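Trainee: Pasting a structure below so you can have a look.
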Amino acid sequence: FNLRPATDCSIYAQNAVVGITFNVTMSYTNYLNSDNDMVLHESMQSEFINAIFELPLGIKLLGHAANVICTICTLITAYIMWRVREHPIILGSRLPFMYTLIVGLLLASFALSMFVTVPWSIGCTSYVWVLAYGILLILTTLTGKTWAIFKVFQAADNLKVFDWDNKRLMIAFVAIPCGLMLILLIAWTASQRHGSKLVFDSTNSYLVDECQYG
């Protein structure tokens, strides 16, 4: 009779914390002894390997380093702006918008560190919140400042005065979009199941812990 000399297989559990890949090698020898009885010798060798994929340490350190560098630069900029806050150029740049922009930059920078550490506990959901608000604050403040500058020059060409103060601009360009984003994120978070899930990569034979939404 014929038996396969070796067998390779992989198993994994859908909701397990640890994935295992193992190789099994089996060898068979059969012969007739002095009494003409068939004798079968069998040997087996198994190798078990923890096969959950993780980002290389260098990639993680790179993400955290980028976050630290961006955070330091942003905080230094905020401090300089505070020191010269009475200067006409700084006052004309609409200081509340500048500080809101800095908050957006800090959130987007922090998302770099979260990106290389998720998934973890509630990290998959909080990462989306942090990144969404970081990008939103950056875009809304830049849009509001650009629109205000345009209206100032447009009013000057028409010999008029642009009388929108910082409070009115902040409500129109920052507060309202942030409120709408809050409603959207709450509805999204409440209506879907979030968390990490082990996904088997059949090509490389390892498990990948990924964020799952839906």
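Trainee: Ignoring ligands, DNA and RNA, how do 171, 138 rank by accessible area with a 1.4 Å probe, largest first?
Mentor: Ranked list, largest accessible area first: 171, 138.
Trainee: Still on this structure: Apply the Karplus parameterisation 6.51 cos²θ - 1.76 cosθ + 1.60, with θ equal to phi minus 60°, to every residue of the range 86-93 and state each ³J(HN,Hα) to the nearest whole Hz, in sequence, with x for glycine and proline.
Mentor: For the range 86-93, the Karplus curve yields 8, 5, x, 5, 5, 4, x, 7 Hz.
Trainee: Something else about it: First measure r as the distance between the Cβ atoms of residue 178 and residue 81, then evaluate 1/(1 + (r/R0)^6) with R0 = 22 Å and state the FRET efficiency to the nearest 0.05.
Mentor: Result of the calculation: an efficiency of 0.55.
Trainee: Pulled fully out, how much extra length does the chain show between residue 116 and residue 168, if you take 0.36 nm times their separation in residues and subtract their Cα-Cα distance?
Mentor: Computed gain between residue 116 and residue 168 is 14.9 nm.
Trainee: 7 Å from Cα along Cα→Cβ at both residue 156 and residue 98: what's the point-to-point distance in nm?
Mentor: 1.9 nm
Trainee: Let me ask something else. Starting from the residue with the highest accessible area, list 87, 64 in decreasing order, probe 1.4 Å.
Mentor: 87, 64
Trainee: So for 147, 188, what's the accessible-area order with a 1.4 Å probe, most first?
Mentor: 147, 188
Trainee: Got the relative contact order for the range 82-147 handy, in percent, Cα pairs under 8 Å and 6 or more residues apart?
Mentor: The value is 42 percent.
Trainee: So how much accessible area does residue 213 have, in Å² to the nearest 10, using a 1.4 Å probe?
Mentor: Accessible area, nearest 10 Å²: 90 Å².
Trainee: How large is ³J(HN,Hα), in whole Hz, for each residue of the range 55-72 in order, when computed from phi with the Karplus curve 6.51 cos²θ - 1.76 cosθ + 1.60 and θ = phi - 60°, using x for Gly and Pro?
Mentor: Once rounded to whole Hz, the list reads 4, x, 4, x, 5, 4, 5, 5, x, 5, 5, 4, 5, 5, 5, 4, 5, 4.
Trainee: Report the full-extension gain for the segment residue 189 to residue 90: residue separation times 0.36 nm, less the Cα-Cα distance, to one decimal in nm.
Mentor: 31.7 nm
The values are calculated or read from the model by the stated rules, or taken from the named source; none is laboratory data. None of these values were measured; they are calculated from a predicted model. A quick note on method: Cβ atoms are made from the backbone with ideal geometry, for glycine too, and the neighbour counts reach across all protein chains shown. Surface areas here come from the heavy atoms of the whole protein model, side chains and all, with no ligands, DNA or RNA. Shrake-Rupley method; radii C 1.70, N 1.55, O 1.52, S 1.80 Å.
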